[in-house]
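Below is a structure I'd like to ask you about.
The values are calculated or read from the model by the stated rules, or taken from the named source; none is laboratory data. Note that the structure is predicted; figures quoted are calculated from it, not measured. Heads up, the Cβs are rebuilt from the backbone with ideal geometry, glycines too, and the neighbour counts pull from every protein chain shown. The accessibility values were calculated without ligands, DNA or RNA, using every heavy atom of the protein model including side chains. Shrake-Rupley method; radii C 1.70, N 1.55, O 1.52, S 1.80 Å.
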There are 2 protein chains.
Amino acid sequence: MSGGAGGGGAGAISSALPAIPSSKLPDLRFLSRGAYGTVSAARHADWRVPVALKCLQGPLLDSDRNHLLKEAEILHKARFSYILPILGICNEPDFLGIVTEYMANGSLNQLLHGKDMYPDIAWCLRYRILYEIALGVNYLHNMNPPLLHHDLKTQNILLDDEFHVKIADFGMSKWRVISMSQSRSETSLPEGGTIVYMPPEDYNPSQKTRASVKHDIYSFAIIIWEVMSRKHPFEEVINPLQIMYSVSQGQRLDLSETSLSMDIPHRALVIGLIESGWAQNPDERPSFLKCLIDLEPVLRTFDEIAILEAVILLKRSKSQYESQCIHFVLETIHQNVANQWIQSRREEIIDQMTEACLNQSLDALLSRFLLMKEDYELISTKPTRTSKVRQLLDTSDSQGEEFARIIIQKLKDNKQLGLQPYPDIVSNSLRLHF
Amino acid sequence: MSGGAGGGGAGAISSALPAIPSSKLPDLRFLSRGAYGTVSAARHADWRVPVALKCLQGPLLDSDRNHLLKEAEILHKARFSYILPILGICNEPDFLGIVTEYMANGSLNQLLHGKDMYPDIAWCLRYRILYEIALGVNYLHNMNPPLLHHDLKTQNILLDDEFHVKIADFGMSKWRVISMSQSRSETSLPEGGTIVYMPPEDYNPSQKTRASVKHDIYSFAIIIWEVMSRKHPFEEVINPLQIMYSVSQGQRLDLSETSLSMDIPHRALVIGLIESGWAQNPDERPSFLKCLIDLEPVLRTFDEIAILEAVILLKRSKSQYESQCIHFVLETIHQNVANQWIQSRREEIIDQMTEACLNQSLDALLSRFLLMKEDYELISTKPTRTSKVRQLLDTSDSQGEEFARIIIQKLKDNKQLGLQPYPDIVSNSLRLHF
C-alpha cells in the first residue's frame, strides 16, 4: 500500500529515503527511552545540522526491525509542513535508526506541564499550536489512502525553534483500507503509554466498529482541553481502569472554569470543539476539515507579531529558568545536600525505589556521562531489585553531589511519596549542560 | 540517475510525489513571471494551507514540460530543511505546475533591496541567512551523486515566516557525474537573468573546464557581498558584456568600507570568505563544508532571542510601511494625480515606453483584476508597440486612478528616465491588498 496524497495519476516521480551510515552520527546524546528503543540527539558529520535518532540497539528482533522500518516509510510518504521531517535511515546489521530533524523545544507535553520553566503561554500561541496540529492531521486524513495516526498525544507533538508544530511518532499509525476489518484487528492498547487519549470504542479491540477514522479527533479533543487547561487529563485518577470505566459510561473531563479559565478567548468555540470531538458516538465527531474551518476565523484575529512576541517570552523564561537552576545547583552541590540526604535515608530508599525509577536513574546518569560503563554493569547484573539499588547507592557515595541529585530527582519524578520530605533541590527534571 | 544523499544501500523505502488536481487550487493570484511560466499563490482546497504554483499554461511544448518535470523531480529528491519543500505536482493535458510551500516573506532580493520597507536588517539575522544558505547548498553537494544548483542568486533564496532560508529554482541544477563532459556541455548563460553570479570560467560553455563543482561557491561569494552591502552587484555597469570582460580580467566587487561597512561584526572573516569564494582559479575556492566550519563560531556568538527580535523588527517595519502606503495611495487616488500626469505626458509615453515595461504593466494590471480580458486582448492584438501603448493609455483614461498609478510605477521600475520627473506616488513596487 502506498500513500501519495491527492488524486490524479502522475506517480512517476519518486524519491528514495537517504541512507545514513552510523559513522556519520558521532557523539550521540541520550534524550529519552520509549516503547521502541531510545531517542538520542546527534550532529550529522557532513551536513553539520543537529538531528534526532530514534533507534534500536543490541540484538535486533525482526518484528522490531519491521516496525521501525514501517514507521520510517510512513514518515517518508507523509511529508508535510506540520509532520516531523525524516532525514534518512540508518540501517545496519546491528543498528537500526530513524534520523529526523532535531526539535529544540521538545514536546507540547513539556511546554504545557513545565510550569516552572514556562509560567505563561499566550493564548494566541496556544491557538496556533492547536491549528497547526489540525492542519497536520487533516493532511494525513486527506492522503490516498488516508493515514490515521492513532497515537496523538501531547508527548508526540514536537515544537521547532519557533514553536511551530511537527507531529511525530507514527508507530501506531495505519493506512485506512476500504474494508475496515484489517484496521480493526490492528487496534491495540497503548504500550506503556496512557489511555486518556483513546476513544472508548477502541478499549475493546475485538468489538465491531467502523470508527477508526474518528479516533484521532477524539485524541485532538483531549489535547485541546490539555492545551487550554494546562492540566494532566484525569490527573487525580490513579487506576487506568477507572478512567476506562467512567469514559465508557460517557463521563468526560471538566469543562467548568476550574479547568477552562473564563479568560480563554473564543471560549465557547473551544468548548464546542472539545465536546463534539469527544462525542460518545464516533459518527457525531467532526472531521478535521470542519475543525479547521471553525478555527480559521479565530486565527485571523491574532496578529503574527503578537505570536512571535509570545515565542520570545517563552525563550526568555526558559533561559532565565535554566540559568537560575544552574546557579541553584552549583550552590546545592557546594553544600552537599543531596549526598547527605541519600546517606541518611539509605535503607528506606533501598526498600522503596521501584524498578522503573531505578532504570530511569541509570539512563539519566549514563546520558550525563556520570556513570561509567563498568559501574553500570556492576549494578545491572545484580540479581534483585534491592541489590541493584544498594549497588547504585554504593556507587553514589563515591561520586559527586550531581550524581546523588539525579537519583533524588528521579525519586521525585516517580512520585515515590513514602520518601518525603525531599531535600530542596531543583524541582523539575531539567537537562543541564555544564 | 537518482539522488538519495549519503552512502549505504537501503534504498528500499521510496515515496511518490503527490499529484494535485488543478481543481484543488482555486483563485490563483499572480505573483511573478519567470523564464519558465508564471508563479502564482493559491490555497489548497482540502489542505487549507497557502501554496505557491510555478506553472506553464496554454499549448505546452514537450521540452518545457520535461524541463519543469525534471525540476519537480530534483525538488522531491533534494528535500532538506533549507530547500523549498515541494508539495506535489499538477500534471494535466493543458496545465503543468509545481506546487510548493508558500513563502510569505518573498525573496532575499526583496529583503535586501526593499530599503523603504526594511530600513534596518540586523547583522545577526544576515549571518543566519548566509549560514542557512550554506547549510542548504552543502547538503546538495553531499548528495549521491552531488547536486549542483548553478543558479544561486538572491532572487532564488526565499524566506519563510520567520525569515528562515528555503533555496528555490532548480531549473539550472544538475547531478554531478564522474565524467565531467556532460556537465560541461549543459552549461549555458542565464536566460533573461543576470550574469553577476556566474563564475568567469562558465562564460564560455565550450571551454574545457573541470570547475562546475566550484560554480555555486562563486555565486555564494557574490551573495555574501550583496547581503553585507545591501547593494546590487555591478549596479553602475549597464552593459553585461562589460561585467564579463572585467571579471574575466580578475576584477571583482568593491571590498572597501564604501560597500562593506566597518560596523560588520567579524568583518575580516566575511571578506576572507568572499575573496576565497570568488577566486579566479576554481580550485582555490573552498568547499561549502569549509564555509560552514568558518561560520559556525560566528553564529555561536549570536543569541537566538536577538535574532527573533530582529525578525520582529522586520515584520513591524513591513507592516508600518504597508499601512503608510495604503494611506498615501488612498490620498493620491483622491487627488487623481496619476491620471492627470498620464494625460499630460501622453505622447511622450507612447514614444518611450518599452515593450518590457508594457508587458509588466499588463501583468500587474491583470494580477490586480484591474484589466478585463477583453481590454487585454484589444491591447495585445495591436500590431505595433506604439499602437499597443496607445490602446493601453486609452483604456487607462476610462479606468480609475489605481490603473494609472500602476503604469507610472512600472515606468519608474524600468528606469525610463526620459519621462522624468514622475509624480509623487508610492516609491516602491508594492503589492497592495485592499
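For chain B, what is the accessible area per residue in Å², given a 1.4 Å probe and the full set of protein chains?
Heavy-atom SASA per residue in chain B reads 43 Å².
Would you mind giving the mean number of other chain beta-carbons within 10 Å of the Cβ of each residue in B:72-81, as a whole number?
Working: counts 3, 4, 2, 2, 4, 5, 1, 8, 6, 7.
What the average comes to for B:72-81 is 4.
Find which of A:TYR197, B:THR154, B:ASN204 sits farthest along the positive direction of the dipole of the protein assembly as shown, computed with +1 on the beta-carbon of Lys and Arg, -1 on that of Asp and Glu, about the Cα centre.
B:ASN204
Right, here's the next one. Would you mind computing, in nm to one decimal, how far apart the modelled labels at A:GLU257 and A:ASP303 are, each placed 7 Å from Cα along Cα→Cβ?
Each label point lies 7 Å from its Cα, and together they span 2.8 nm.
Next up: Taking only the alpha-carbon atoms of chain B, what semi-axes of the equivalent ellipsoid follow from 5 times the gyration tensor eigenvalues under a square root, in whole Å, largest first?
On the way: eigenvalues 271, 147, 107 Å².
Gyration-tensor ellipsoid for chain B: 37, 27, 23 Å.
With r as the distance between the Cβ atoms of A:GLN352 and B:LEU269 and R0 = 56 Å, compute the FRET efficiency 1/(1 + (r/R0)^6) and round to 0.05.
After rounding, the FRET efficiency stands at 0.45.
Hey, another quick one. Please state the shape class of region B:336-419: rounded when a/c is under 1.5, otherwise prolate if a/b exceeds b/c and oblate if not, all from the C-alpha gyration tensor. Each step should come with its number before you reach the end.
On the way: a/c = 1.36, a/b = 1.12, b/c = 1.22.
Rounded, since a/c falls under 1.5.
In addition: At A:ASN281, with labels set 7 Å past Cα in the Cβ direction, how many nm apart are the copies from this one, shortest first?
8.1
Something else now. Given the options A:GLY106, A:GLY272, A:GLY88, which has the most mean-square fluctuation in a GNM of chain A, springs set between C-alpha atoms less than 10 angstrom apart?
A:GLY272
To continue, here is another question. Dipole of region A:302-364, Cα-centred, from +1 at each Lys and Arg C-beta and -1 at each Asp and Glu C-beta, to the nearest 20 debye?
220 debye
Follow-up. For region A:336-419, build the charge dipole from Cβ charges (+1 Lys, Arg; -1 Asp, Glu) around the Cα centre, then report which of A:GLY418, A:GLY400, A:LEU365 sits farthest towards its positive end.
Working it through, the farthest residue towards the positive pole turns out to be A:GLY418.
Can you give the charge dipole size of chain B about its Cα centre, rounded to the nearest 20 debye, using +1 on the beta carbon of Lys and Arg and -1 on the beta carbon of Asp and Glu?
580 debye
Suppose you put the label 7 Å out from Cα in the Cβ direction; list, shortest first and in nm with one decimal, how far B:SER32 is from each other copy's label.
4.0
Moving on to the next point. Which of the listed residues, B:ASN105, A:GLN391, B:TRP47, is farthest toward the dipole's positive end in the protein assembly as shown, when Lys, Arg count +1 and Asp, Glu count -1 at the beta-carbon?
With unit charges placed on the Cβ atoms, the residue in question is B:TRP47.
Build a GNM of chain A with springs between Cα atoms under 10 Å: which of A:THR154, A:THR381, A:THR100 gets the top mean-square fluctuation?
Largest GNM mean-square fluctuation: A:THR381.
Could you list, in their original order, any pairs among B:LYS174/B:LYS214; B:LYS373/B:LYS415; B:LYS70/B:LYS231; B:LYS24/B:LYS54; B:LYS54/B:LYS174 whose Cα atoms are separated by more than 22 Å?
Cα-Cα > 22 Å for B:LYS373/B:LYS415; B:LYS70/B:LYS231; rest within.
Could you calculate the contour length gain from B:GLN249 to B:LEU417, that is, 0.36 nm times the residue separation minus the distance between their Cα atoms, to one decimal place in nm?
Contour length minus the Cα-Cα distance gives 57.3 nm.
In addition: Over all directions, the average projected area of the alpha-carbon convex hull for the protein assembly as shown comes to how many nm²?
40.7 nm²
Which of rounded, prolate or oblate describes region B:1-102 when judged by the alpha-carbon gyration tensor and an a/c cut-off of 1.5?
It comes out prolate by the Cα gyration axes.
Place a point 7 Å from Cα of A:SER380 in the direction of its Cβ. Which residues in region A:16-49 have their backbone N less than 15 Å from it?
Within reach of a label on A:SER380, which here means backbone N under 15 Å from a point 7 Å along Cα→Cβ, region A:16-49 contributes A:30-34, A:37-39.
For n ≥ 4 DSSP H runs only, could you compute -39500 (n - 2.57) per run for chain A, divide by its residues and tell me the 222 nm figure to the nearest 500?
-14000 deg cm²/dmol
Using +1 on the beta carbon of Lys and Arg, -1 on that of Asp and Glu, and nothing else charged, what's the dipole of the protein assembly as shown about the Cα centre, debye to 20? List each step's numbers first, then the result.
Numbers: 88 positive and 104 negative charges, 208 e Å.
Dipole size: approximately 1000 debye.
Within region B:98-117, which residues have the backbone N less than 18 Å from the label spot 7 Å out from B:ASP424 along Cα→beta-carbon, could you tell me?
Output list for this probe position: B:116.
Let me ask another. Shortest first and in nm to one decimal, what separations exist between A:ASP46 and its copies in the other chains, measuring from label points 7 Å along the Cα-to-beta-carbon line?
Result, one decimal in nm: 3.5.
Okay, moving on. If you build a Gaussian network model of chain A, linking Cα atoms that sit under 10 Å apart, which residue out of A:GLY114, A:GLY418, A:GLY171 swings the most?
Maximum among the listed residues: A:GLY418.
Output the relative contact order of region B:1-102, whole-number percent, from Cα pairs under 8 angstrom with separation of 6+ residues.
28 percent
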